[in-house]
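Contents: one structure, followed by commentary.
The values are calculated or read from the model by the stated rules, or taken from the named source; none is laboratory data. Just so we're clear, the structure is a prediction, and the values are computed from it rather than from any experiment. Heads up, the Cβs are rebuilt from the backbone with ideal geometry, glycines too, and the neighbour counts pull from every protein chain shown. Protein only, heavy atoms only, side chains kept; ligands, DNA and RNA dropped before computing areas. Shrake-Rupley method; radii C 1.70, N 1.55, O 1.52, S 1.80 Å.
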Amino acid sequence: MCGISAIFGRSWTREQLAAMHDAQRHRGPDAEGTYVDPDGMCGLAHNRLSIIDLSPAGRQPLTSNDGSLHVMLNGEIYNYLELRQELGSRYKFRTSTDTEVIIAAIQHWGASATLDRLIGMFALVVWDERTKTGFAARDRFGVKPLYYSRTREGTIFLSSEIKAIHAAGFVREPDSATWSTYLTYGLTDCTDRTFWKNINSLRAGHFLTWKDKHVEIRRWYSLEDRVGREPDRRDSQAVAVEYLELLEESVRLRFRADVPVGINLSGGLDSSTLLSLVQRTQDNDESVKAFTFISGDDRYDELPWVQQMIGQTRHPLVVSELSSAEVPDLAASVQKFQDEPYGGLPTLAYAKLFETARANDVKVLLDGNGMDEQWAGYDYYAASDNGQPAPTVQGSKDAPVRPDCLDAEFRQLATRVEYPRPFEDRVRDLQYRDAIFTKIPRAMRFNDRISMRSSTELREPFLDHRLFELAMRQPTDRKISNGTRKKMLRDIVRDLLPGQVSEAPKRPLQTPQREWLRGPLRGWTEDLVDQALSGPFAGWLQKAKVERELDSFLKGNSDNSFYVWQWISLGLGSDTTTSRTEKAMSV
């Protein structure tokens, strides 16, 4: 896990590259390196978090033996040992890194052909010094980020985080249409646009090429093509055996590291499955630490479920508790690292968990993201098709957003995203939507920034594309049966888990956000909403309506706080605070 800064073109300075590099030091505090093309056509800078081959030989940018290719990688190629063996004597390796395997693979198969051979999470940049061609690519599900911005002169700037491009001198101007879409519909990360004007995200499964000021972006991975339109009608037992074997291999591969690896746990089916697989694949190694977060509220904390699992595997459990008093400072810090709005108190609790892991000398963590999308775990997958779009926010009967509180002209800028429907059944179309446009892209952004904030690496074994494709090929009755979601997955892992866990219903990952915003954080909430109404975003809001809705929320008249967090996000973008927050938090 690292930080990438790259510039292709002539119109740039070394000072700009250095500023980008400095802005991402938290992503890679262990080592750094730079490269500048002899003709000034490219500048590369890399912040390294050392995970594989901790020696100085692993420093990036890494250069090919013939000096023609210069490569930077953010992420991990889990099958690098197998690829290295396949390449054999075709390349003389000088390091034990996965990055050098990418170099050898590109020289043998070509850049775009190499991508489909990689199992892992990655954003990578390649400069060909001979042809003066730049290449950048992002993994299938966008676990690792990559942003870019182009100048009028044809120069392109690329980085792992938006703040690095701003550090290079690009004006930090909000993209009003993206903000309007977020505030009107609650949508983020569903297109290549970011919350900041003239800065785009390279979409998951895409690559970019630059040559002679010309940029071309193409899609290299298509989930719908890999899954196919026809469901998998093979015997379910054969599918179960294949899927379990892939599960074990996926977890085993993600333990390849030269530093300690731990796991993140909630009390649900997915992370409990992960824990059992860790036990199976790591020869019952009880030194692997497990981390979970709590808030001190029994209505939301899943510690009893986690302890039940840990009692079976005997892994050391480290509990990270988030208190309401920590929220104001932590929220401001996380906002600084996110660059864009994030997911509220659950994101803050997860951020503190990574702090705790790093304090316990664990540099790599695994979690259970991806199972709900591939096995239809959310409640709306099982709902009858009434012609209404499936919700993107769960667990609330009340509307999650308040578009009526927006300025009418600003609200018109919002884009109602129309999602492709490449399959012949509603459930697979919803799975596709969640994987490519909504839930996974959003979660991957949140999680990348909060893990890198603590200079830790997060790995997602259930987002192995082979698992995802196999699960999505299954007919709906293997995913949802008699109202039970993730049915086949529950059957597959039943023997791995205590019965109570394998049969447990889906529980959204929650914190007492509503209760805290109305209670101990009430002053902080009012303060930041005031900042939203008086700061640089004030013109987007109708003050009287916002105040009326906030007052109603604080009196307990709404069962969700998503829209309030949206206004808090606007306030977090302001530079000042008032005494009311200090007074509230001193009580």
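Observations on the model:
- FRET efficiency for Val36 and Glu355, using Cβ-Cβ distance with R0 set to 35 Å, rounded to 0.05: 0.45
- Take every Cα pair under 8 Å whose residues are at least 6 apart in sequence, average their separation, divide by the length of region 1-132, and the relative contact order is 25 percent.
- In this structure region 1-159 gives 34 Å² per residue of accessible area when probed at 1.4 Å with all protein chains present.
- Available extension along the chain between Asp559 and Asp407 is 52.3 nm, counting 0.36 nm per residue and deducting the alpha carbon span.
- The chain, helix-only ellipticity at 222 nm - DSSP H runs n ≥ 4, -39,500 (n - 2.57), divided by all residues, nearest 500: -11500 deg cm²/dmol
- With eigenvalues of the C-alpha gyration tensor scaled by 5 and rooted, the chain, Å: 35, 31, 24
- One decimal place: the segment Ala18-Arg314 gains 101.9 nm when fully extended, by the rule 0.36 nm per residue minus the C-alpha distance.
- Pairs exceeding 18 Å between alpha-carbon atoms, taken from Lys439/Lys487; Lys144/Lys439; Lys336/Lys439; Lys163/Lys197; Lys163/Lys363: Lys439/Lys487; Lys336/Lys439; Lys163/Lys363.
- From most to least packed by mean Cβ count within 10 Å, the peptides 79-91, 322-334, 200-212 give 200-212, 322-334, 79-91.
- Couplings 3J(HN,Hα) for region 305-310, derived from phi with the Karplus relation 6.51 cos²θ - 1.76 cosθ + 1.60 (θ = phi - 60°), are 5, 5, 5, 4, 5, 4 Hz, where x marks Gly and Pro.
- Per residue, region 233-325 exposes 43 Å² of accessible surface when a 1.4 Å probe is rolled over the protein heavy atoms with every protein chain present.
- For Lys213, the aspartates and glutamates whose Cα falls under 18 Å of its own Cα, not counting residues fewer than eight places away in the same chain, are Asp37, Asp39, Asp128, Glu129, Glu153.
- Solvent-free Debye scattering, log10 I(q)/I(0), computed from the Cα coordinates of region 282-326 at q = 0.16, 0.22, 0.27 Å⁻¹: -0.48, -0.76, -0.97
- Residues with amide H under 5 Å from that of Ser320, placed H, sequence gap 5 or more: Thr292, Phe293, Ile294
- Counting only protein heavy atoms and a probe of 1.4 Å, the accessible surface of the chain is 46% carbon and sulfur.
- Rounded to the nearest whole angstrom, the semi-axes of the ellipsoid equivalent to region 97-161, taken from the Cα gyration tensor as √(5λ), stand at 21, 17, 9, largest first.
- Take the Cα of Gln307, step 7 Å toward its Cβ, do the same at Glu547, and the gap between the two points is 4.8 nm.
- Protection proxy ranking, peptides 415-423, 519-527, average beta carbon neighbours within 10 Å, highest first: 519-527, 415-423
- List Ser287, Ser574, ordered by accessible area with a 1.4 Å probe, largest first: Ser287, Ser574
- Using only alpha carbons, region 104-213 has a radius of gyration to Kirkwood radius ratio (Rg to Rh) of 1.01.
- Restricting the GluC sites (Glu not before Pro) of region 101-192 to loop positions (DSSP other than H, G, I, E, B) with no more than 15 neighbouring Cβ atoms within 10 Å leaves Glu153.
- Accessible area in square angstrom per residue, region 161-225, 1.4 angstrom probe: 41 Å²
- Loop trypsin sites (Lys or Arg not before Pro), region 314-385 (other Cβ atoms within 10 Å of the site Cβ: 11 or fewer; DSSP): Arg314
- Here the extension length gained between Lys397 and Ile217 equals 60.7 nm, from 0.36 nm per residue of separation less the Cα-Cα distance.
- Rg ratio for region 266-348: its Cα radius of gyration over 2.2 N^0.38 Å, N being its residue count, equals 1.29.
- Only beta bridges with both residues in the chain are counted; by DSSP, about 80 percent of them are antiparallel.
- Surface listing: Leu413, Leu458 arranged by accessible area from highest to lowest gives Leu413, Leu458, probe 1.4 Å.
- Under 5 Å from the amide H of Gly142 lie the amide H atoms of Gly205, each residue being 5 or more positions distant or on a separate chain, with H modelled from the backbone and absent for Pro and chain starts.
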